[in-house]
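Structure first, commentary second.
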Amino acid sequence: MMNIHPISTQSAAIQTKDLHFYYGDFHALKNVNLEISKNKITALIGPSGCGKSTFLRTLNRMNDFIPHTRTEGEIFIDDLAITSPLTDVVELRKRVGMVFQQANPFPLSIYDNIAYGLRIHGKKDKQAMNRIVESSLRAAALWEEVKDQLDQPATRLSGGQQQRLVIARALAVQPDILLMDEPTSALDPISTKKLEKLIISLKEKYTIVIVTHNMQQAARISDHTAFFLNGEIVEYSDTKALFSNPQKEKTKQYIMGEFG
Ligand SMILES: Nc1ncnc2c1ncn2[C@@H]1O[C@H](COP(=O)(O)OP(=O)(O)OP(=O)(O)O)[C@@H](O)[C@H]1O
Ligand SMILES: [Mg+2]
């Protein structure tokens, strides 16, 4: 399958070249060539098990934690080959933050959840810390709701607030890229709308890659959409074009709800 997907001439934040990924003998990603644009929202769609999360995890080497896995090919982030064994993965994961389906606040206070990453990276100055905690919570549209309870356990927040908290936590270490794996699937419609609005506002400063099962969501918030099937990219284009005029029969069937 022809599988080169440059979407525009603007600079790519992420570029994968002939990327393959294996869990043991299982070939989970097959020849993925993708250019993800800076300061855009790129949606990854496709049926369950097609490799969306696997792909997302290759982008900050989270798959390294899974034994008996193997990556082939290359991934560049701003021309840095992150697949290289020389890559500082701690630094990489700071630049490429990740938000999961189930919000996963640490069993700490709201404040300490945000400060956690900063402390790991050696920042200790209390005033600087206060500033970053506030600006991160503001950027994640959570500050007004929590500013008077920063010392309260983060686990007491609602699901939607927890999801915004983990976004704030990711932002605190000043990433360039945010990976989000179905970040709204556990949320009610109002929290979902709020999070979508937040995600759209974040693209001004960050490059965002979001996995979603919700086609309306992909259409509402993303600039570009990649359709995955069985570990391959079937189609990748401008979101409006992909949904209004899919070029591949499989894409058409998927967005019409005929499978998946
Ligand atoms: N840790 C693992 N070990 C072995 N196989 C795995 C592992 N994680 C995922 N897989 C397999 O790799 C394939 C892709 O899985 P992945 O989780 O990336 O799919 P997905 O598109 O994110 O699906 P979903 O929409 O259900 O989240 C599936 O066949 C899955 O069973
Ligand atoms: Mg998944």
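The values are calculated or read from the model by the stated rules, or taken from the named source; none is laboratory data. Bear in mind the structure is a predicted one, so any value in this text is a computation, not a measurement. Cβ coordinates were reconstructed from backbone atoms using ideal geometry, including for glycine residues, and neighbour counts include every protein chain displayed. Ligands, DNA and RNA are excluded from the accessible area calculation, which covers all protein heavy atoms including side chains. Shrake-Rupley method; radii C 1.70, N 1.55, O 1.52, S 1.80 Å.
Scoring Pro85 on the criteria (1) surrounded by 14 or more Cβ atoms within 10 Å (Cβ to Cβ); (2) without any contact (Cβ under 8 Å) to a residue 60 or more places away in the chain; (3) away from ligand 1 (no atom under 16 Å from the Cβ) leaves a single failure, condition (1). In the set Glu235, Glu258, only one residue is charged (D, E, K, R) and at pLDDT 95 or above; that residue is Glu235.
The condition of being at pLDDT below 95, more than 10 Å from ligand 1 (Cβ to nearest atom) and of a type in the set (Asp, Glu) holds for only one of Glu35, Glu91, that being Glu91.
A count restricted to segment 43-56 and to residues that are more than 13 Å from Val32 (Cβ to Cβ) and within 10 Å of ligand 2 (Cβ to nearest atom) stands at 3. Of the residues in segment 124-141, at least one is in a loop (DSSP other than H, G, I, E, B) and surrounded by fewer than 16 Cβ atoms within 10 Å (Cβ to Cβ). When the strands (runs of 3 or more DSSP E) confined to segment 149-260 are screened for residues that are open to solvent by 10 Å² or more (accessible area, probe 1.4 Å) and over 24 Å from Arg131 (Cβ atoms), those reaching at least 2 such residues are found at 224-229, 232-238. Would it be correct to say that Thr71 is more than 16 Å from ligand 2 (Cβ to nearest atom), out of contact with any helix residue (DSSP H, G or I) (no Cβ under 7 Å at 6 or more places or on another chain) and among the polar types (S, T, N, Q)? It is false that Thr71 is more than 16 Å from ligand 2 (Cβ to nearest atom), out of contact with any helix residue (DSSP H, G or I) (no Cβ under 7 Å at 6 or more places or on another chain) and among the polar types (S, T, N, Q).
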